[in-house]
Amino acid sequence: MEFIYGTWHWSISGFLIGVILLILTYFGKTFGMSSNLRTLCSMAGAGKFSDFFKMDWREQKWSLAVVLGALVGGFIAYQFLSNGSGVQIHPNTIASLQTLGIDAPEGKLLPDALYSIETMQTPKGFAILLIGGLLIGFGTRYAGGCTSGHAIAGLSNLQLPSLVAVIGFFIGGLLMAHFLLPIIFN
């Protein structure tokens with residue numbers, strides 16, 4: 001049972017992701033999470049208000065199974081397949097976060113300095129989450145997909161736009177971690 005509870009080697013996870021992508025390619029489907037919001041909005045009737053949502057959502061409803069699977073799988077893994085040790089963060093990362101005033105999550109998935117109810121009720125905390133959410137939403141549409149869609153599906157199909165997007169994601173992440181995060185939290 002320790003095999004299930006422990007961290008899997010990257011080669012096992014990578015192989016399983018590759019098998020899933022081969023199956024999706026065989027059936028003419030692509031993998032990605034961000035397009036599901038458009039599908040949900042189209043199902044809810046947003047096409048009456050915006051041409052962007054005028055689409056045949058029935059052709060994309062299969063991808064909602066990916067979202068449902070991620071939610072249900074995450075719940076099962078956390079509730080039933082966890083050994084109780086929590087999230088393991090490298091001590092150097094904890095030290096770097098503490099210099100910014102962000103305490104270690106202490107076994108939780110997210111640090112309280114960013115995601116607690118108290119933080120979200122402060123103007124700064126609310127602004128960080130609101131602006132971050134808007135930037136993620138805009139960036140996903142502007143880039144033509146999310147990180148999982150480009151990095152997993154796009155690169156496996158050798159799409160040059162996905163390579164450019166993934167390079168942009170990494171550069172943006174490095175800039176955020178090394179320059180913007182210290183400004184925001186100091």
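Assorted remarks:
- Against the set [x] 18.2, 59; [y] 19.1, 52; [z] 26.7, 109, the structure's computed Rg and Dmax of the Cα atoms in Å falls on [y].
- Cα centroid separation, the stretch 1-44 to the stretch 166-186 (Å): 26
- In this simple spin-label approximation, Ile89 and Lys61 carry label points 7 Å from Cα along the Cα→Cβ vector, and these lie 4.2 nm apart.
- Judged by the mean number of other Cβ atoms found within 10 Å, the most tightly packed of the peptides 90-100, 164-174 leads the ranking 164-174, 90-100.
- Using 0.36 nm per residue and subtracting the Cα-Cα separation, the extra length available between Phe15 and Phe80 on full extension is 21.0 nm.
- Pair Thr7, Phe52: separation of 7 Å Cα→Cβ label points (nm): 3.8
- Set of aspartates and glutamates near Lys124 by C-alpha distance (under 19 Å), chain-local residues within fewer than 8 positions excluded: Asp103, Asp112
- Note on Thr30 and Leu180: with the Förster distance fixed at 45 Å, the Cβ-Cβ geometry gives a FRET efficiency of about 0.90.
- Karplus-derived HN-Hα couplings along the stretch 136-142 (A = 6.51, B = -1.76, C = 1.60, θ = phi - 60°), whole Hz, x at Gly and Pro: 5, x, 5, x, 5, 5, 5
Quick note: the coordinates plus some simple rules give every number you see, no bench work behind them. Nothing here was measured: the structure is a model prediction, and the numbers come from that model. So basically every Cβ, Gly included, is an ideal-geometry build from the backbone, and we count neighbours across all protein chains shown.
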